[in-house]
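Let me begin by presenting the structure, written as structure tokens, before commenting on it.
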Amino acid sequence: MHEADTPARRLLRPRPWVLVLAAVVVIALVVVFTQDGSGPGHHGASGSGSNASSGGSSGKKGSSGPRHPDFYLASSTPAQGAPSVASDSNIVLNFSTPVTLGSVHPTLNPPVAGTWEQSSRTSWTYVTSAVLIPGGTETVTLPEGTNGIRSDNDGILVSPTPIQFTVAVGDYTRLQQILADLNYLPVSFAPSGAAPAPKELAEPQQGTFNFRWANLPAALTSQWTPGQFNEITRAGVESFESQNNLTVDGIAGPEVWTALLAALTTNKVDDVPYVYVLVNKVQPENLTLWSNGVVDLSNILVNTGAPGADTTDGTYAVFEHVRFSDMKGTNPNGSTYNDPNVPYASYFNGGDALHGFIRAQYGFPQSNGCVEMSYANAAVVWPLTPIGTLVTVEGPATPGLPTTTTTTTTTTAPPTTTTTAAPAPPATTAP
């Protein structure tokens, strides 16, 4: 028996077009969830699914492009362009999203020994185990692209800017401590604390300076000042540069610091005697030479500058040492001179040099600013006064005389101030 088809029953009966529409909606949702690969609790970083092979930590391959363009280097310490960074600093990189330290790492140029460590979910730290070279420029480059650093959600770095910063110039006290340790100064250094870690080698150490010999003249010892770059320190730098085949300019730049730290590590000390020369302008003018604290030569008669070309008082480091030198210039009376093949020249102040010269007598002001001596005496003095030798000129002032010399040579000397920047002198023309 069939029930009557009433109007109310017709309203409850599903209509065919409603069933079709519901089926279409269900199919669409299935397609969307399948293509997007992201349902509840799935973020595309790892796990099953069509993209599982390309997800993971930094250094993994397989993706053709950045699926998460919000992955980038957010900041760094030191920051890009930072000046005066401490030589014992670590390097910290902060990323915008979590990134796990993998097999792909940033590189440093110049290289510095150390280890990359995961310091937080979004940060890496390069823990240095060696010195960032004082005065140098360090560049940190981040690998990019599909073979570069990957974030945990498979983000790819795109053209990251290298981080470049400048290390602080070397500390003068530490420079003196190292030069003293290597025997380039008239003082020694006795540390009072534990030996520094390798990354602390450019930082000042606790300790005291002491003169290496008891009989050094006051003209030398009175000039020693710890922590200040004066002519004693400059002479030590020039001597080190000369003995290590570096450009002789008296400036402790990155190249010098690199060589100094290497010499300190290997205990490559100076085996050349420490020589100091004192020129006395009290007549009869004479020269005294100390070698390792002992008077080696004394009462060597010399000629200093004649009236109008006085040899300037002061202490200077020998910056050029040549067997022969051509000397040209203008005399105080306006005439010119050209003396070729002047022997045994050790230049210490501009065009002024210790050298040999033939005169009828010695011990009186008659040169054009140089310190002249007989050929025989010059032949003895010259081998003992290499680059880096300190020369002091002192004596009574002559009234009315200029304070500059007129002797010129084919050499351009560096200034005699204690600044940390000066051009290196070109080589002297010699036959």
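The values are calculated or read from the model by the stated rules, or taken from the named source; none is laboratory data. Note that the coordinates shown come from a computational prediction; the quantities given were computed from them, not determined experimentally. Note: ideal-geometry Cβ built from the backbone for every residue, glycine included; neighbour counts use all protein chains shown. Just so you know, the surface numbers come from the protein's heavy atoms only, side chains and all, with ligands and any DNA or RNA stripped out. Shrake-Rupley method; radii C 1.70, N 1.55, O 1.52, S 1.80 Å.
Averaged per residue, segment 81-132 has 44 square angstrom of accessible surface, using a 1.4 angstrom probe with ligands and nucleic acids left out.
If only the Cβ of Lys and Arg carry +1 and only the Cβ of Asp and Glu carry -1, the dipole of segment 103-244 around its Cα centre is close to 220 debye. Over the Cα atoms of segment 239-323, Rg to Rh with Kirkwood Rh, two decimal places? Over the Cα atoms of segment 239-323, Rg/Rh equals 1.08.
Would you mind counting up the charge near ILE91? Only other residues with Cβ under 14 Å from its Cβ, with Lys and Arg at +1 and Asp and Glu at -1.
Result for the local shell: -2.
Note that segment 247-373 presents 39 Å² accessible area per residue, ligands and nucleic acids not counted, probe 1.4 Å. Each part gets one Cα centre, and for segment 290-319 versus segment 72-100 those centres are 53 Å apart.
Taking the centroid of alpha carbons for each part, segment 358-378 and segment 148-169 are 65 Å apart.
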